[in-house]
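These notes are about the structure you will find just below.
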Amino acid sequence: MVNSEKERFSIPFFFNPSHDVMVKPLEELISEESPAKYKAYNWGKFFKTRKASNFKKLDVENIQIHHFQISGSSDK
């Protein structure tokens, strides 16, 4: 049932997906008017890189989700 009285926010939550999963938006949510803001990425590679850094500051910046942002897109 939709609540027309109050705004609702939905947040996706992924718990321990398979390492071969490609994280990307659903095809039906992408169009010329509403293009993807981020490139697809492999969850296992992302997780392994983050875990290997032990979330410490290294000589290079830790991999972050913004590294996958498509040039020219914004979160607005």
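The values are calculated or read from the model by the stated rules, or taken from the named source; none is laboratory data. Just so we're clear, the structure is a prediction, and the values are computed from it rather than from any experiment. Ideal geometry is used to build each Cβ from the backbone, glycine not excepted, and the neighbour counts take in all protein chains shown.
Residues are listed down the side, and each one gets a yes or a no for (1) at positive phi; (2) loosely packed, with under 11 Cβ neighbours inside 10 Å; (3) modelled with pLDDT under 85:
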site: His19; (1), (2), (3): no, no, no
site: Val23; (1), (2), (3): no, no, no
site: Ser53; (1), (2), (3): no, no, yes
site: Asp59; (1), (2), (3): no, yes, yes
site: Phe68; (1), (2), (3): no, no, yes
site: Ser74; (1), (2), (3): no, yes, yes
statement: Matching residues in the stretch 26-38 (of a type outside the set (A, V, I, L, M) and surrounded by 13 or more Cβ atoms within 10 Å (Cβ to Cβ)) number 2
